[in-house]
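Colleague: Take this structure, written in structure tokens, and hold onto it; I'll ask about it next.
The values are calculated or read from the model by the stated rules, or taken from the named source; none is laboratory data. Keep in mind that what you see is a predicted model, and the values were worked out from it rather than measured. Please note: Cβ atoms are built from the backbone with ideal geometry, for glycine as well, and neighbour counts cover all protein chains shown. Accessible surface is based on the protein model in full, side chains and every heavy atom, while ligands, DNA and RNA are left aside. Shrake-Rupley method; radii C 1.70, N 1.55, O 1.52, S 1.80 Å.
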Amino acid sequence: MNVVVFVGPSLPKARAEAEGEVVVLPPAAVGDIYNAARRGARAIGLIDGYFEGVPSVWHKEILWALREGVEVFGGSSMGALRAAELHAFGMRGVGQIFEWFRDGLLEDDDEVAVLHGPAETGYLMLSEPMVNFRATLERASKENLIGSDTREALLSVAKRVFYQERTWDAVLAHPDVEAVPGDERERLSAWLPEGRIDIKKSDALSVLSAVKTAAGQLGVRTGASTDFHFEWTTMWDKVVAFSSQGAGRADASMTAEESAVLEELRLDAKGYERARDLAVLRKLVDREALREGMEVDHASKVAAMQRFRETNSLFRRAELDRWLSEHEMGVEGFEDLMVQEALLDWMRTAFAAELDDWLLAEARINGSYASLSGRAGDKQRFLARGDSPGVDSNANSPLQLRAWYFETRLDREMPSDMESFARSLGFADLRAFDRALEKEYYYVKGGSGQAKAGKSPA
């Protein structure tokens, strides 16, 4: 397995294998470059890789392979994108498409993305990549089949068509193409079967040729310098674990105590359903982080740890050590957990403005909507009357109201960062949170809310 090439729709497997001297593997996903290098590949050609549905090849695994002395070539499709991004670190870019991305003439992933069939079909290409449109229309223009205005009009239409639906038939039949002279469309249609350029295929063959050449020169590096520092991070640990074990933790690594805890959780049907749904969220966040190549920096991890310790009243090291012991977790496992919390914080922030409808949907599904609606209506009517004997809502400062809320509702200390806490609950800012607290205090202490105070969602 000295020389490996990842290829799919850009070049048929049989055509790639006909070149000989290389091991042909399916389109690459996250971890595949790492695994190939770990298993002994000394030269790797990245042609095709996944864009959607499966986490894409991560930049860091290519950097790791380069630091291990592996020659990594890229071109044609995903390989062209990664090579354009990493050529300064030693990845070897090959072909016209790579040069377009390297020079900034192209920037969008959809230039090379295509809809293709499953492995059983040989990843049959079902749509036309945008780069093929560019190369083909440029050739048609140079051969005077179409004018420059027609070329630009067709390129504009092709770019607007969703990449999975982008075909020559779809573009030429598009309503916006009606303005193109009919004789030029007819000449182009008649010429396409023979004149069409598949630049992805030609670049893929160039990658194969480069990898084969490297096969005869293993150990002799002629590419860009790889004199860079490789930072081993918690996210890189995740990629290594993901690559080594597949989609998650192997059952064999689970302790007998953990298995017993899971059994007890499953017997508590309602508790299990809630834990399962939250576990799905964590899994999706983890997958999205892998897909985006997101790193959790030290400051974010420290902030997550501080919030966790405040929420759980783990202020002293002895209290934290006791919690770790009770939860059968070491320091490294706890740090991994805090990385998860930091990623969740990132996701909460990213989607904060889009959650309201989903929160209401969840309240309706879990049955709490009716009681929440009843309490909200009762509070509004009470506050509108303005008659709360013995309660002066202006007598309490925001700090006093917060202290009341955390003591009576949450039974915990106030967090050090109140602004972040308020935003974590979906309030626009701390002032909005304080206004809500003032109304709640007035309502509960005024008498009408006393019996219902325990029903607050807070």
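Colleague: Once you keep just the Cα pairs under 8 angstrom separated by 6 or more residues, what percentage relative contact order results for the chain?
Modeller: The normalised contact order for the chain reaches 13 percent.
Colleague: At 20 °C and 1.002 mPa s, what whole-number value in µm²/s does Stokes-Einstein give for the translational diffusion of region 259-381, with Rh from the Kirkwood sum over Cα pairs? Please report the intermediate quantities before stating the final value.
Modeller: On the way: Rh = 17.3 Å.
Answer, rounded: 124 µm²/s.
Colleague: Limiting things to C-alpha atoms, what are the Rg and the maximum Cα-Cα separation (Dmax) for region 57-173, in angstroms?
Modeller: Looking at region 57-173, its Cα Rg and Dmax stand at 16.4, 51 Å.
Colleague: Here's a follow-up. Ranked from the most accessible area to the least, with a 1.4 Å probe and all protein chains present, what is the order of Met125, Met78?
Modeller: Met125, Met78
Colleague: Here is a follow-up. To the nearest 20 debye, what charge dipole does the chain have about its Cα centre, counting +1 at the Cβ of each Lys and Arg and -1 at the Cβ of each Asp and Glu?
Modeller: 720
Colleague: Please compute the modelled spin-label separation between Glu165 and Ala436, points set 7 Å along Cα→Cβ, answer in nm with one decimal.
Modeller: Going by the 7 Å Cα→Cβ label model, 4.0 nm.
Colleague: Shifting gears a bit: List the residues whose amide H sits under 5 Å from the amide H of Gly74, counting only those 5 or more places along or on another chain, with H placed 1.01 Å from N in the peptide plane.
Modeller: Leu46, Arg92, Gly93, Val94
Colleague: Using +1 at the C-beta of Lys and Arg and -1 at the C-beta of Asp and Glu, which of Ala384, Ala428, Gln340 has the Cα lying farthest in the positive direction of the dipole of the chain?
Modeller: Looking along the dipole axis, the top candidate is Ala384.
Colleague: Under the Kirkwood approximation applied to all pairs of distinct alpha-carbon atoms, what is the hydrodynamic radius of region 1-51 in Å?
Modeller: When all Cα pairs of region 1-51 are included, the Kirkwood radius is 10.9 Å.
Colleague: Counting only DSSP beta bridges with both residues in the chain, tell me the antiparallel percent, nearest 5. Intermediate values should be presented prior to the final figure.
Modeller: On the way: 1 of 15 bridges.
So the antiparallel bridges amount to about 5 percent of the total.
Colleague: For each pair in Lys270/Lys379; Lys270/Lys301; Lys13/Lys283; Lys60/Lys283; Lys201/Lys283, compute the distance between the two Cα atoms and list the pairs where it is over 26 Å.
Modeller: With Cα atoms farther than 26 Å apart: Lys270/Lys379; Lys270/Lys301; Lys13/Lys283; Lys201/Lys283.
Colleague: A further question follows. For region 46-162, what's the relative contact order in percent, using C-alpha pairs closer than 8 Å and at least 6 residues apart?
Modeller: 16
Colleague: What relative contact order, as a whole-number percentage, does region 128-184 give when Cα pairs under 8 Å and 6 or more residues apart are counted?
Modeller: It comes to 41 percent, rounded to a whole number.
Colleague: Please list log₁₀ I(q)/I(0) at q = 0.11, 0.12 Å⁻¹ for the chain, using the Debye equation with identical point scatterers on the alpha-carbon positions.
Modeller: -1.01, -1.09
Colleague: What is the helix-to-structure angle for 130-142, meaning the angle in degrees between its Cα long axis and the longest Cα principal axis of the chain, kept from 0 to 90 and rounded to the nearest 10?
Modeller: With both axes taken from Cα atoms, the answer is about 40 degrees.
Colleague: Could you state the angle between the C-alpha long axis of helix 331-351 and the longest principal axis of the C-alpha atoms of the chain, as a value from 0 to 90 degrees rounded to the nearest 10?
Modeller: 80
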